[in-house]
Amino acid sequence: MNNLNVLLRNSPKFKTKIRSNKGIKIIVIHYTGMQSGVDALNRLTDFKSKVSCHYLINEKGQIISIIPDNYTAWHAGKSRWGKLSSLNKYSIGIELVNPGHNFGYKKFRKKQISSLILLIKKLIKKYNINKKNIVGHSDVAVDRKKDPGEKFPWEVLSKNGIGLWHNLNYKNLKKLRKKIIEQNDQKKFLILLASIGYLTKNLSSKNFTKLIKSFQRRFRPELVNGKIDKECFIIAKKLNKLYD
């Protein structure tokens, strides 16, 4: 990829049918969730493994190409965003080396995020990807995934023209944190989440809580408790205008 230092480490795990540039509509960001970057790279390129991705960004900020963009990688699994489901066929998957919640989740390194920003900007331009469709794995698989998690700097990406962020005043928002909302506003909140792209229908009570946590990890990472409060509601209302 022009002007990017991309290493090649091809994986044998992808569908051989070539997809068109127009068919690529979404970028899904993941963390590897393994104890080391070496383990993650080996797993992503192991024929016996059932997972793969298009790009891996290690802790030094090196971008490693695993599967060519125009082939479908196995990274999103059972997933949905807006009207699209089974997102592997529509998306590019980017993994960032990070141990994740099971192995001592930590902040992403600045070199990783800088490389990610450069890579995504290239992909957006090449495939004309809408800002609405830059998502985390937990956004599109709320019942199963937590990555890239609450430590991922979505606001930083937004300031670099990647994805969307609410840009509301933090001091004003914090005053609304943990403030109870009326039941009618809870229903409105779910409508707002659906308009953003989240799957909100036919969820069990357990997965309903996971849905709220997914939203919070993305847009209110300071408190991920699975409870709808006035802060979450105001953020969702603001986002709804941006995602409209």
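The values are calculated or read from the model by the stated rules, or taken from the named source; none is laboratory data. Here the structure is a predicted model, which means the values were calculated and not measured. Positions of Cβ are generated from backbone atoms using ideal geometry, with glycine treated the same way; all protein chains shown enter the neighbour counts.
Give the residues of the range 192-215 that are within 27 Å of Asn133 (Cβ to Cβ), part of a helix (DSSP H, G or I) and of a type in the set (S, T, N, Q), sorted by residue number. Scanning the range 192-215 gives Ser195, Asn207, Thr209, Ser214. Picking from residues in the range 69-89 that are within 20 Å of Thr200 (Cβ to Cβ) and touching a residue at least 60 places away in the same chain (Cβ under 8 Å), the one that is surrounded by the fewest Cβ atoms within 10 Å (Cβ to Cβ) is Lys78.
Is it the case that some residue within the range 73-82 is part of a helix (DSSP H, G or I) and within 28 Å of Leu193 (Cβ to Cβ)? The answer is no; no qualifying residue exists. Where strands (runs of 3 or more DSSP E) sit wholly within the range 22-68, those with at least 1 residues that are surrounded by 16 or more Cβ atoms within 10 Å (Cβ to Cβ) and at pLDDT below 95 occupy 63-65.
Among residues of the range 197-209 that are in contact (Cβ under 8 Å) with a residue 12 or more places away in the chain and not assigned by TED's automatic domain parsing to the domain that holds Ala141, none has a beta-carbon under 6 Å from a residue that is of a type in the set (Phe, Trp, Tyr) and assigned to a helix (DSSP H, G or I) at least six positions away or on a different chain.
Pairing residues of the range 115-133 that are closer than 16 Å to Arg218 by Cβ with residues that are surrounded by 15 or more Cβ atoms within 10 Å (Cβ to Cβ) and of a type in the set (D, E, K, R), at Cβ distances under 7 Å and at least 6 apart in sequence or on separate chains, gives Asn133/Lys25.
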